[in-house]
Amino acid sequence: MEEPRQKSEKRDSGLSVVRNAANTPDYGKLPPQAVDLEEAVLGALMLDKEALTDVIDILKKNSFYKDDHQLIYEAILDLFQRSEPIDILTVTQELKKRGELEIVGGPFYIAQLTNRVASSANVEFHARIIAQKHIQRELIKISSETIKQAYDETVDVFDLLDTAEAKLFEVAEGNIRRSYEDMNKLLHKAIKQLEIISKSDGTSGVPTGFANLDRVTGGFQKSDMIVLAARPGMGKTAFVLSMARNAAVDYKKGVAIFSLEMSSLQLVNRLIASETEIAGEKLKKGNLEAYEWEQLNARIGKLTNAPIYINDTPGLSVFELRAQCRRLKAEKNIQMVIIDYLQLMSGSSESKGNREQEISTISRAVKGIAKELDIPVIALSQLSRAVETRGGDKRPQLSDLRESGAIEQDADMVMFIYRPEYYGITADESGNSTQGLGELIIAKHRNGSTEDVKIRFQNHLAKFVNWENDNFEFNQSPSIDIDDAYAGQVLRSSKFDDIDENLSEEPPF
């Protein structure tokens, strides 16, 4: 009769040992841990009052495997926060006051911890090992929960994916910290960056293609969160599409566009209309003249290989956004991200029901993405109706940002688009015509000056161009023979946005 493949045997220790087919003992798997190092670290913290400053950024309460050690470390942290001395007696007294002294093993166990280590010389190294074991345990826990739910047919797979990604990000966010850098290294980086800038045209960031704006900003800078806000119909999408086209086509910078309002095909049609100077209405209906087909074919080539990547997922969450940006940065080396627009995103499940808190969470996450990937992130935002109800000057203010003051606080730059024509203002205070006048109001600029930048709005095409670029009659139909000068003149054009229904010319698509 064949013997069973596995059998259990009892040892003197009482541990049940399972033998596998190869007749070798299998003791099972224990979670990753370093209990001896935990004891050594806690002992070092009570021996040297300076040791805590070496590990406080590395270890949290949950970093410890044993519950007893978690309670002891929490007591040490409370003493530190109250600026009280940390030693065997004070820690013992703190635990006694909490009613936890006997739970952790009594005064004898606290005293024994200091015998585990001779000094605090290696406390930081030991703490990092403890932190690594904690990360391993968290990854095992998340993976186990994900596997369990993946077998459950009632669980939505996309919700599961979002939850798993969110938990993994929490582990990374909570445990991976950048170390400090000394002035020698930082100065070296700064000088090197200055040398690079000096060899360029003075634009240190991602160029927008709008000369006056680049003069003020030096291009959009790495790790900056830029908020572009306006009332519906001012041209937010038109302006960022222009920037995306200029950065991608003229400067070969990869740009990711997350459009929560319009489909990717609609955005592409706007880019085509902008590049070819063919009215959006004609493109929508497809009734192009022969010369317009030639015009389309002649100019569309530059967009074909442009490094522009569009995601039109509706209701995109901050976790999905972060994951997509990371992948695009790794695979396509994107240099700029555009979000259209902030209020249409969804935050974490914890902030559901409180819109202001949700927007605050989204805003902080967007700033975090900009810092993590070291690229500028342009987030479009709506303005409140306070602008419309305000008498007299209707130029936007920072207080008009909709739903949360966190947007203003988190942003490195806040810009508003303002067009006097939108409010029926046909002349300025000096009597000059405001036809086609658009203003970029830089209301907040953490790393530069706040100025108003003039841009020109082409009413019949609903697009923005440089203010000085106004010597061409766009109302005239271009000839079939497209010369290079004319083609170059319109390269930096943009296209359509939230179009004001009161526009006098026929509306685009």
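Coordinate-derived values only; no laboratory data. Note that the coordinates shown come from a computational prediction; the quantities given were computed from them, not determined experimentally. Counting neighbours? That spans all protein chains shown, and the Cβs are built from the backbone with ideal geometry, glycine included.
A few comments on the model shown:
- From the largest down, the range 35-175 spans 55, 31, 27 angstrom on the principal axes of its Cα atoms.
- A prolate overall shape is assigned to the range 22-97, the ratio a/c of its alpha-carbon gyration tensor axes (a ≥ b ≥ c) being 1.5 or greater and a/b exceeding b/c.
- Candidates per GluC sites (Glu not before Pro) in the range 410-451, loop by DSSP, up to 13 other Cβ within 10 Å: Glu429
- Extending 7 Å from the Cα toward the beta-carbon at both Asn62 and Arg116 defines two label points whose distance is 2.1 nm.
- Between Gly424, Met345, Phe319, the Cα set farthest toward the positive side of the dipole of the range 202-489 (charges on each charged residue's Cβ, about the Cα centre) is that of Phe319.
- The range 202-489 shape via C-alpha gyration tensor axes, a/c threshold 1.5: oblate
- Computed FRET value (nearest 0.05) for Glu468 with Asn447, which takes r as the C-beta separation and R₀ as 22 Å: 0.30
- Counted by Cβ distance under 10 Å from Asn447, the other residues give a net charge of -1, where Lys and Arg count +1 and Asp and Glu count -1.
- The magnitude of the dipole of the range 297-376, with charges of +1 and -1 set on the Cβ of Lys/Arg and Asp/Glu and taken from the Cα centre, is near 280 debye.
- Sequence-distant residues sharing a close amide H with Glu261 (under 5 Å, placed H): Tyr341
- Alpha carbon centroid spacing (whole Å) that separates the range 220-297 from the range 34-66: 55
- Pairs exceeding a 28 Å alpha-carbon distance, out of Lys61/Lys185; Lys394/Lys463; Lys222/Lys454: Lys61/Lys185.
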